[in-house]
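See structure below.
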Amino acid sequence: MLKKLAEDSSPKHMSLRKMEAPTEGPGKGKPSENMGLLDSGSTHPLRQAKNESELGQTRTVSVTLADGTQTMLKQSEKGTILSEGKASPILPVGALVEQLGYKFNWTARGCRLSHPTKPDVVVKTRSRCPEVRECDAPRLIRELEAAKLRELEESTKALQAAVDNAEGHE
């Protein structure tokens, strides 16, 4: 079962849409567990937690499934949704493009994930779902997490500068 992440207006509330992969016919079947899904509907990456300690450092966020039911999932300080069990990684295409500068191109001949200064990432399509190799997925998620931390650090510095400025005008 593939999952798409999409954030709604509440910062601690996200929705998960489920998609069933076709199970019969040529090229059909479950997505490879050795691949990471490139998902244009996701706003946050998803990966399996490394260990219990990492899970202990998360916050719990509300997630709405496609059928309207809600569930709770763990989210790291870097914004990544962490699975407590085995899970194929999910990479948000929009974040790869907007935050990291990748270009995603999908034509009748296939998909391509490229970057102006980095080697192309191999993309395969299975059941009309673009996937990257499992070895590339963790690296891309680490890049997204690093970008999120830089964003948080810059926001903290800007906020501190605003506080300092306000205190100087008292």
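What's the extension gain from LEU159 to TRP106 if we count 0.36 nm per residue and subtract their Cα-Cα distance?
Here the segment from LEU159 to TRP106 would lengthen by 15.1 nm.
Report, in listed order, any pair from LYS86/LYS118; LYS118/LYS148; LYS50/LYS74; LYS124/LYS148; LYS78/LYS118 with a Cα-Cα distance greater than 21 Å.
From the list (LYS86/LYS118; LYS118/LYS148; LYS50/LYS74; LYS124/LYS148; LYS78/LYS118), the Cα-Cα distance tops 21 Å for LYS86/LYS118; LYS124/LYS148; LYS78/LYS118.
How far is it, in nm, from the label point at LYS124 to the one at THR60 when both lie 7 Å from their Cα along the line to the Cβ?
Distance between the two pseudo-spin positions: 3.8 nm.
Need one word for region 44-135: rounded, prolate or oblate. Basis is the Cα gyration tensor (sqrt eigenvalues a ≥ b ≥ c); a/c below 1.5 gives rounded, then a/b vs b/c decides.
It is prolate, given that a/c is not under 1.5 and a/b is the larger ratio.
Coordinate-derived values only; no laboratory data. Quantities reported herein were computed from a predicted structural model and do not represent experimental measurements. Glycine gets a Cβ as well: all are built from the backbone with ideal geometry, and neighbour counts include every protein chain shown.
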